[in-house]
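Questions regarding the structure given below will be posed in turn.
The values are calculated or read from the model by the stated rules, or taken from the named source; none is laboratory data. As the structure is a prediction and not an experimental result, all values here were calculated from the model. Cβ sites come from the backbone with ideal geometry, for glycine too, and all protein chains shown count toward neighbours. SASA here: full protein model, heavy atoms, side chains in, ligands and nucleic acids out. Shrake-Rupley method; radii C 1.70, N 1.55, O 1.52, S 1.80 Å.
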Amino acid sequence: MNSPRLDLSSPQRRRILKFAAAAGLLAAIDRSVALAQTASDYRALVCIYLQGGNDGENTLIRSDAAGYQSYASVRTPESGINIAQAQLHPIQPARGGPPFGFHPACAPLKSLFDQKRMAVVANMGMLAQPSNRTGLETGGAPRPANLFSHAEQELALHSGDYAGFTRTGWGGRIADRLDAANPGTLFPPLTSAGGLRTFVSGRSSVPLTVAENPYFTLYGSGNNQYQFDVLRDAALREMLPQSRRNTYEVVAQLYAEEGLAASSVVFPILQNPSSLVAPFFAGFDTSISRQLKTIAQLIEGRGETKLKRQVFYVNQGGYDTHANQAGAQQALLRDLSNALKAFSDAIAAINLANSVTAFTLSDFGRTFKPAANLGTDHGWGNYAFVIGGAVKGGDFYGTVPALVPNGPDDLGKDGRWIPTTSLEQYGATLTRWFGIPEADLPYVFPNIGAFANTNLGFMA
Amino acid sequence: MQQISAGRRSTRCARDFRSLAIAAGVGGILVAGSAGAGLGTAIEYYNPALRHYFITAYPEEAAALDAGTNVKGWTRTGGQFTVFTDPAPGLSAVCRFFGTPGKGINSHFYTADATECAKVKTLPPWTFEAIAFYIPTPVSGNCGGNYPVYRSYYTDNIADANHRFTVDLTAHTRMTKRGDILEGLVMCAPVTSEELEADVVRLLEQASLGPTEALVKEVAGKGVGPWIDAQLAMNVTRYTNIPHWEPPANNDDCVDDKTPPITPQKFCHTNNGDPVPVAWEFFRQSRTAPDQLRLRMAHVWHQIFVIGGPNQTYANAGYQQRLRDNAFGTFENLLLKYALSPQLGYFQTWVKNVPEFNGIRPNENFARELMQLFTVGVNELNDDGTPKLDGKGHLIPTYGQSDIETLARVLTGFTYPTHPGQMPSFWGNEWYFIGDMIPFDDRHDQGAKSLFNGRVQFAAGMGAMAEVRAAIRAVVDHANTPPFISRQLIQKTVTSSPSPAYVARVAAVFKNNGAGVRGDLAAVTRAILLDPEARGARKIDPEYGRMREPALFWTAMIRALDVTTDGVMPESTGWESGQTLFRPATVFNYYPADYTLAGGDIPGPEFGIYTSAEFLNRANQINDLLYNVDQPWSQHELYGWGPRPYVPNATGTPSPALTAFLPDAADADKLVERLNRLLLHGTMSDAARKTVVTAVNKLKLTDTLRRVKLAVNLMLVSIDYQVQK
């Protein structure tokens, strides 16, 4: 699938201009927010991107004697990345099989898992088609382009295109299909607090990007106290919506108008002193906790946006642990676990547990064999996590690879596991729960036809 | 078929140029006899329904088209060039034809060639209208200092054809998208002093940290080429030499102590263990440093040869100085300065990399990125930067996993430089970021190696330094490197979407500077900035320009408005704007090099961090900069615009006095036009101008500073200003 040229007269532009006109550029913003009492049947998907490639094999470790031995014989104490068996937080997948243990920093995730609010999907990754080692090595099965490269694998997982040509994301393509589900509102259905990564770009939808902090507003606007604010607002109202020839200006204008219009809705939500979800994040001040707090507040404030179906994106960076992995991953997983638990608890507190599902993606797993400098290199298949009340949690889905470097699960000799679950299978399970019709799934995941079972069963 | 207007020549048409002086440009041809001739403007229009272009030098015709009186559907493209309205020696008469109704096409044709004119007059499908204007023509294929006028011709269907005449080489090159044949150079348009000045402003946006009125005047007087040459020869501005500093063994001995009284000495971590002081100095120096081109190019290089750690201040100052010092040497030398720096050894985890033992493999981090990001890129490229495709239309990878593993073996055996007074020890040498990393042959993989399907072979036992240098030489010599690097340099200075032809011209200079040297960065920098796609008349191609990145947005304000700052507030705005100077989150820079706009395929790397929030951020930052004086919140000790007590030699970022502009404050038209020339190189639309002038005039005439601030605020916030073009 190739990307279309940017169409300056596109429906996405007209839609944003309509939204801007309706919300009113620089509309007065000091009004109180009615926290949503609007109807049921709200659903939200939250993509949590672990940027850099999280080492899943140190996040979940076999905790039985034989399983731990297969881990520790390769990830030896000398390697510097070994996690001691005694420090693991043990869990037992409901489907049976051997027990596992979470990384020491992940006690909150164990808690979610035990309460059946979290599921684990094993060995998920980008694939062109179901593939085995022989096929990949002889060329019988095509490989995703530029495997093991951060930028290209992020692009692939975000876009759903293993060949590397597509620049829209499957989050954006879901948003493209949400017009019918969100009647009576032009508010962008996809909001990112984690930047403008490919996941959020649609063909006909335009993502809203908000900052991590709650100051999403033009200072002084809509307020008649100072003459220069009044004059500036009036002039901006005239100057902004000009017709332009330069493509870069057109796009900049699009985001400017969207930002101004959305800020009049979003700012009161984020500043709301009566928020029930904000307190769950007190005491955490990390980027991921700030982003998830923003998302939680936007979900809480959905009555203002009138959205019934909403997609969110957040981003936690730093997972590329080539060196000194132990300390780095410890801090990252601690911050992630705390933020995820706070988010999940906050959403439950406003009775939306069954309506909001969060899921992780990461560039790739890491080499099971350690590398010099007390770290690991880029791998492939990885654990992914799904969190929410509608998740059939407390269980594993998919096939856990045997921890045998140079074995049949390895593309090579360093422990880069060939995925046994594809992005499409993982994503379609989530997207279907979210409410996208079956007929639209190939639009969201163009390569879905290569995989037989596209419902992994982890959603109720 | 409609005739647009009866051919009629007008003399001495009214123009709103401030001066009729014809600037011949640097080293240009001064056309004999031209001084007495009247001037006109050939204005370009486009009709999207017909997909046709049209130019006219008749003001009445232009007015009629603008108003849509008789003929509708034509809008200005923004393109125009200066012509002469009267004959004079050295000028060619330009014949204007239109397609004979019933016999010819619905289009006009112009030619400055007397032979061609005579020939076309004999063709029934064409009707001669008039001599439209007079203009110089190329001499030996060259326009000297005048603007080349390029012609392209579209004729997919004999019943529908159209010519385009434009001085914008990018726009001309891209006419192949319509199916045009590019016919090349046909006329030479004289250059007005306004156009010359506008081009100088554009140059300074490409080649400095921001234009100032004084520098614009200096460069316009000197000429662009001579100014660049002078810049290349200038002394290098230095970051303050910060001595080596060891973090204490106990972290608690170096935390920032925020208990009053707050002094810089109590901020051990911030002032020694953090890159921010280097960023402070970058912004501080930006206002007046004379070697602007070098500082701008070092800024470009730090986004390609990325360092995102270690944190020690001295280490960061030392690394950024390396880039400044070596920005105009060879590419290979600059890459070596990067690769062998202990900063990179730390950041890309290749320091103390050793051959495989006990199942632990040498780390592949730098091995991968050396090829992927710093030299050849992931896919094979043509010389013009476009990707090669195989027979099935697939991209062709430049290297494979085995190349990465081989390079990882090459990149073994280096450790930190030795602390003065200590004995060198491979494992014992600890963090020390002065000088290059040092090799230990007995910690280096001495085996024979083969790269790129055997094209590059290293014999066993080469020794660590020799083999690393040879590997760097091999990737620099790869055919991909000139286009891969040249294209990024153009994107970070001139335009995000350069034409392949532009990339090819610069890549050719990268390959060979004319004296057999590969990667001569002075020559490459010159080639980028002097290329006709960087220079010339107003750029009108819709896909030309680049989003201003936050750091340069700030330096441009600092320079244009003469803002004295200690650099602290500009650095801190980088956190909300996505460009945390000298602390990028990953080796992939603050934003992806291959980012495209809104899910399409138009390149726009800086849009990777230009979000809906960023528009608001910039508007708020400008507002706060202009109005912060005397605001209590701005004096907040630790976060405000006033001097911060933990910063040595703090002065804060007080709002600028804007003294230079106050004399024009009472005349809003004059003030706005002056800012239009400095900030927008004259491209402000009439509608925007009217809006700003009206707003300014709502303030009292005597309220000079507030009037200037309002005008500045509106122009810096405008969308036009966000895009550098």
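Each row is one residue, and each column tells you yes or no for (1) facing chain B (nearest Cβ under 9 Å); (2) hydroxyl-bearing (Ser, Thr, Tyr).
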residue: A:TYR219; (1), (2): yes, yes
residue: A:ASN224; (1), (2): no, no
residue: A:GLU238; (1), (2): yes, no
residue: A:ASN246; (1), (2): yes, no
residue: A:ALA262; (1), (2): yes, no
residue: A:GLN271; (1), (2): no, no
residue: A:SER274; (1), (2): no, yes
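I would also like to ask the following. Filter segment B:331-348 for residues that are more than 10 Å from every other protein chain (Cβ to nearest Cβ) and not small (Gly, Ala, Ser) and give the result.
Hits for segment B:331-348 are B:PHE331, B:GLU332, B:ASN333, B:LEU334, B:LEU335, B:LEU336, B:LYS337, B:TYR338, B:LEU340, B:PRO342, B:GLN343, B:LEU344.
Filter segment B:574-594 down to residues that are in contact (Cβ under 8 Å) with a residue 60 or more places away in the chain and of a type in the set (Gly, Ala, Ser) and give me whichever is farthest from the other protein chains (Cβ to nearest Cβ).
Among them, the one singled out is B:GLY574.
Moving to a separate point now. Between a first residue in segment B:112-129 that is farther than 16 Å from B:SER92 by Cα and a second residue that is outside any helix (DSSP H, G or I) and of a type in the set (D, E, K, R), which pairs have beta carbons less than 6 Å apart while being 6 or more apart in sequence or on different chains?
Close Cβ pairs (under 6 Å, with a partner that is outside any helix (DSSP H, G or I) and of a type in the set (D, E, K, R)) amount to B:PRO124/B:LYS103; B:PRO125/B:LYS103; B:GLU129/B:ARG96.
Before we move on, is B:THR82 of a type in the set (Val, Ile, Thr) and part of a loop (DSSP other than H, G, I, E, B)? Spell out the reasoning first.
Values: of a type in the set (Val, Ile, Thr): yes; part of a loop (DSSP other than H, G, I, E, B): no.
No: the conditions fail for B:THR82.
Which residues, taken from segment A:443-460, are farther than 15 Å from A:ALA384 by Cα, modelled with pLDDT of 95 or more and among the aliphatic types (A, V, I, L, M)?
Correct list: A:VAL444, A:ILE448, A:ALA450, A:ALA452.
Still on this structure: Being assigned to a loop (DSSP other than H, G, I, E, B), open to solvent by 10 Å² or more (accessible area, probe 1.4 Å) and either modelled with pLDDT under 95 or not small (Gly, Ala, Ser) (or both) is the requirement here; does A:GLY318 meet it? So that I can check it myself, show each step before the final result.
Values: assigned to a loop (DSSP other than H, G, I, E, B): yes; open to solvent by 10 Å² or more (accessible area, probe 1.4 Å): yes; either modelled with pLDDT under 95 or not small (Gly, Ala, Ser) (or both): yes.
Taking the combined requirement at face value, the residue satisfies it.
Quickly run through segment A:377-397 and pick out the residues that are over 30 Å from B:SER402 (Cα atoms) and either within 18 Å of the chain's Cα centre (by Cα) or open to solvent by 20 Å² or more (accessible area, probe 1.4 Å) (or both).
Those that are over 30 Å from B:SER402 (Cα atoms) and either within 18 Å of the chain's Cα centre (by Cα) or open to solvent by 20 Å² or more (accessible area, probe 1.4 Å) (or both): A:PHE385, A:VAL386, A:ILE387, A:GLY388, A:GLY389, A:ALA390, A:VAL391, A:LYS392, A:ASP395, A:TYR397.
For segment A:297-314, state whether one or more residues are within 14 Å of another protein chain (Cβ to nearest Cβ), in contact (Cβ under 8 Å) with a residue 60 or more places away in the chain and out of contact with any Ser or Thr (no Cβ under 8 Å at 6 or more places or on another chain).
Checked against the condition, which is being within 14 Å of another protein chain (Cβ to nearest Cβ), in contact (Cβ under 8 Å) with a residue 60 or more places away in the chain and out of contact with any Ser or Thr (no Cβ under 8 Å at 6 or more places or on another chain), segment A:297-314 yields no hits at all.
Right, another one. Find all pairs meeting these conditions: Cβ atoms under 7 angstrom apart; at least six residues apart or on different chains; first residue within segment A:68-92 and open to solvent by 70 Å² or more (accessible area, probe 1.4 Å); second residue at pLDDT 95 or above and part of a helix (DSSP H, G or I).
A:GLN85/A:TYR68; A:GLN87/A:PRO104
Here is a follow-up. Output the strands (runs of 3 or more DSSP E) that fall wholly within segment A:74-155 and possess 2 or more residues being away from every other protein chain (no Cβ under 14 Å) and out of contact with any Gly (no Cβ under 8 Å at 6 or more places or on another chain), or say none.
In segment A:74-155, A:100-102 are the strands (runs of 3 or more DSSP E) which contain 2 or more residues that are away from every other protein chain (no Cβ under 14 Å) and out of contact with any Gly (no Cβ under 8 Å at 6 or more places or on another chain).
Counting only residues that are open to solvent by 10 Å² or more (accessible area, probe 1.4 Å) and modelled with pLDDT of 95 or more, give me the helices (runs of 4 or more DSSP H) lying completely in segment B:311-384 with at least 3 of them.
B:313-326, B:331-339
Quick check on this structure: which one of B:ALA230, B:ALA214, B:ALA220, B:ALA171 is under 30 Å from B:ASN649 (Cβ atoms), in a helix (DSSP H, G or I) and either open to solvent by less than 10 Å² (accessible area, probe 1.4 Å) or without any contact (Cβ under 8 Å) to a residue 60 or more places away in the chain (or both)? Can you show your working first?
Working: B:ALA230 fails: under 30 Å from B:ASN649 (Cβ atoms); B:ALA220 fails: under 30 Å from B:ASN649 (Cβ atoms); B:ALA171 fails: under 30 Å from B:ASN649 (Cβ atoms).
Every option except B:ALA214 fails the conditions.
Quick grid of which residues meet (1) open to solvent by 50 Å² or more (accessible area, probe 1.4 Å); (2) more than 14 Å from every other protein chain (Cβ to nearest Cβ); (3) in contact with an Asp or Glu (Cβ under 8 Å, 6 or more places away or on another chain):
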{"position": "B:TYR610", "(1), (2), (3)": "no, no, no"}
{"position": "B:GLN621", "(1), (2), (3)": "no, no, no"}
{"position": "B:TYR627", "(1), (2), (3)": "no, no, no"}
{"position": "B:TRP633", "(1), (2), (3)": "yes, no, no"}
{"position": "B:ARG644", "(1), (2), (3)": "no, yes, yes"}
{"position": "B:THR651", "(1), (2), (3)": "yes, yes, yes"}
{"position": "B:PRO654", "(1), (2), (3)": "yes, yes, no"}
{"position": "B:ALA668", "(1), (2), (3)": "no, no, no"}
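Follow-up question, since we're still on this one. Name the residue, out of B:TYR721, B:TYR639, that is within 14 Å of another protein chain (Cβ to nearest Cβ), open to solvent by 10 Å² or more (accessible area, probe 1.4 Å) and closer than 23 Å to B:THR573 by Cβ.
On inspection, the qualifying residue turns out to be B:TYR639.
Name the residues in segment B:349-378 that are among the polar types (S, T, N, Q) and facing chain A (nearest Cβ under 8 Å), would you?
If the condition is that a residue be among the polar types (S, T, N, Q) and facing chain A (nearest Cβ under 8 Å), then B:THR349, B:ASN353, B:ASN358, B:ASN363, B:ASN365, B:GLN372 are the ones that fit.
Report whether or not A:THR357 is farther than 30 Å from B:VAL354 by Cβ and surrounded by fewer than 22 Cβ atoms within 10 Å (Cβ to Cβ).
Here the answer is no, as A:THR357 does not meet what is asked.
In addition: Condition check: open to solvent by 30 Å² or more (accessible area, probe 1.4 Å) and out of contact with any His (no Cβ under 9 Å at 6 or more places or on another chain). Does B:ASP442 satisfy that?
On the way: open to solvent by 30 Å² or more (accessible area, probe 1.4 Å): yes; out of contact with any His (no Cβ under 9 Å at 6 or more places or on another chain): yes.
For B:ASP442, the condition - open to solvent by 30 Å² or more (accessible area, probe 1.4 Å) and out of contact with any His (no Cβ under 9 Å at 6 or more places or on another chain) - is met.
Also, I was wondering about something else. Tally the residues that are over 22 Å from B:VAL475 (Cα atoms) and open to solvent by 50 Å² or more (accessible area, probe 1.4 Å), restricting the search to segment B:408-431. Break it down stepwise before answering.
Kept after step one, since they are over 22 Å from B:VAL475 (Cα atoms), are these residues of segment B:408-431: B:415-431.
So of that shortlist, the ones also open to solvent by 50 Å² or more (accessible area, probe 1.4 Å) come out as B:420-424, B:427, B:430-431.
Residues in segment B:408-431 being over 22 Å from B:VAL475 (Cα atoms) and open to solvent by 50 Å² or more (accessible area, probe 1.4 Å): 8 in total.
For segment A:289-315, how many residues are closer than 17 Å to A:ALA44 by Cβ and assigned to a helix (DSSP H, G or I)?
14
Can you tell me which of (1) of a type outside the set (Gly, Ala, Ser); (2) more than 7 Å from chain A (Cβ to nearest Cβ); (3) within 31 Å of the chain's Cα centre (by Cα) is the one B:LEU616 doesn't meet?
If we test B:LEU616 against (1) of a type outside the set (Gly, Ala, Ser); (2) more than 7 Å from chain A (Cβ to nearest Cβ); (3) within 31 Å of the chain's Cα centre (by Cα), just (2) comes out false.
A further question follows. Starting from residues that are out of contact with any helix residue (DSSP H, G or I) (no Cβ under 9 Å at 6 or more places or on another chain) and of a type outside the set (A, V, I, L, M), keep the ones in segment A:44-67 and report whichever is most open to solvent (accessible area, probe 1.4 Å). Spell out how you get there, then give the answer.
Our first condition is that a residue be out of contact with any helix residue (DSSP H, G or I) (no Cβ under 9 Å at 6 or more places or on another chain); within segment A:44-67, this holds for A:56, A:64, A:66-67.
From what is left, the residues that are of a type outside the set (A, V, I, L, M) are A:56, A:64, A:67.
Values: A:GLY56: 2, A:ASP64: 38, A:GLY67: 1 Å².
Here the answer is A:ASP64.
Scan segment B:100-157 residue by residue and report those that are among the aromatic types (Phe, Trp, Tyr) and closer than 13 Å to B:VAL186 by Cβ. Please lay out each step first, then the result.
Narrowing segment B:100-157 to residues among the aromatic types (Phe, Trp, Tyr): B:109-110, B:126, B:128, B:133-134, B:147, B:150, B:153-154.
Residues satisfying the conditions are B:PHE109, B:TYR110, B:TYR147, B:TYR150, B:TYR153.
Could I ask something else about it? Going through segment A:170-192 one residue at a time, which ones are among the small types (Gly, Ala, Ser), touching a residue at least 40 places away in the same chain (Cβ under 8 Å) and more than 9 Å from chain B (Cβ to nearest Cβ)?
Within segment A:170-192, A:GLY171, A:ALA175, A:ALA181, A:GLY184 qualify.
Hey, another quick one. Which condition from (1) modelled with pLDDT under 95; (2) surrounded by 19 or more Cβ atoms within 10 Å (Cβ to Cβ); (3) more than 11 Å from chain A (Cβ to nearest Cβ) is the one that B:ALA688 breaks?
(3)
Check off (1) within 14 Å of chain A (Cβ to nearest Cβ); (2) at pLDDT below 95; (3) touching a helix residue (DSSP H, G or I) at 6+ places or on another chain (Cβ under 7 Å) for B:ARG548 and give me the number that stays unchecked.
Among (1) within 14 Å of chain A (Cβ to nearest Cβ); (2) at pLDDT below 95; (3) touching a helix residue (DSSP H, G or I) at 6+ places or on another chain (Cβ under 7 Å), the lone unmet condition for B:ARG548 is (2).
For segment A:320-375, give me each residue that is over 16 Å from the mean Cα position of the chain (by Cα), of a type in the set (Val, Ile, Thr) and away from chain B (no Cβ under 14 Å).
Hits for segment A:320-375 are A:ILE347, A:ILE350.
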